[in-house]
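The values are calculated or read from the model by the stated rules, or taken from the named source; none is laboratory data. Computed from a prediction, not measured in an experiment: that's the story for all the values here. Please note: Cβ atoms are built from the backbone with ideal geometry, for glycine as well, and neighbour counts cover all protein chains shown.
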Amino acid sequence: MTKKPIHPPGAAKPIAPYTPAMEAGGFVFISGQVAFKGASGELALGSIEEETTQVMENIGILLRAAGLGYEHLVKVTIFLSDMAHYTIVNTVYGSYFKDAPPAREAVAVKGLPANVNVEISGIAVKE
């Protein structure tokens with residue numbers, strides 16, 4: 001099996017030893033994305049809406065680098081710092097899907113990297 005790491009220019013730099021996205025076996029596996037603003041490395045933490053939008057935009061950068069779009073996502077996991085953010089995150093997240101959104105779960109966790117409120121990972125399929 002061939003693996004192809006995806007490191008698009010302008011994407012947020014990883015803060016730990018991982019690849020932002022990896023293509024293998026007809027799938028693209030997207031590592032958990034938080035609200036880092038591209039190359040600047042700043043966090044978009046003004047509001048949960050802003051933070052979720054930045055996370056989804058970061059996912060979009062990785063998808064486009066693989067020649068895909070949000071419609072290619074088949075499985076997503078959302079990690080929240082607090083389930084009180086669930087409704088707002090769902091509203092922002094849902095705006096990125098025109099047809100059937102991917103399968104997913106959303107869970108609250110004790111803590112997230114860089115003290116963010118939302119982290120999203122996903123799996124996309126190349127058709």
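Filtering I61, I120 for residues that are touching a helix residue (DSSP H, G or I) at 6+ places or on another chain (Cβ under 6 Å), at pLDDT 95 or above, within 18 Å of I6 (Cβ to Cβ) and not aromatic (F, W, Y) leaves a single hit, I120.
Can you name every residue in region 74-113 that is exposed (fewer than 11 other Cβ atoms within 10 Å of the Cβ), more than 22 Å from F36 (Cβ to Cβ) and of a type outside the set (K, R)?
Listed by number, the residues that qualify are T87, G94, D99, A100, E105.
Does region 18-36 contain at least one residue that is of a type in the set (D, E, K, R), over 19 Å from A106 (Cβ atoms), surrounded by fewer than 14 Cβ atoms within 10 Å (Cβ to Cβ) and touching a strand residue (DSSP E or B) at 6+ places or on another chain (Cβ under 8 Å)? Checked against the condition, which is being of a type in the set (D, E, K, R), over 19 Å from A106 (Cβ atoms), surrounded by fewer than 14 Cβ atoms within 10 Å (Cβ to Cβ) and touching a strand residue (DSSP E or B) at 6+ places or on another chain (Cβ under 8 Å), region 18-36 yields no hits at all. Scanning region 12-22 for any residue that is over 28 Å from M1 (Cβ atoms) and of a type outside the set (S, T, Y) turns up nothing. Taking every residue in region 66-77 that is free of Cβ contacts under 8 Å to residues at least 60 places away in the same chain and more than 20 Å from K3 (Cα to Cα) and pairing it with any residue that is surrounded by 16 or more Cβ atoms within 10 Å (Cβ to Cβ) and acidic (D, E), at least 6 positions away or on another chain, the pairs with Cβ-Cβ distances below 9 Å are T77/E119. Quick one: is A35 without any contact (Cβ under 8 Å) to a residue 40 or more places away in the chain, under 18 Å from A114 (Cβ atoms) and not aromatic (F, W, Y)? Criteria not met by A35. Between L62, L68, L45, the distinction of being among the hydrophobic types (A, V, I, L, M, F, W, C) and in contact with a Lys or Arg (Cβ under 7 Å, 6 or more places away or on another chain) belongs to L68 only.
Filter region 1-56 for residues that are assigned to a helix (DSSP H, G or I) and under 18 Å from K75 (Cα atoms) and give the result.
Across region 1-56, the qualifying residues are T52, V55, M56.
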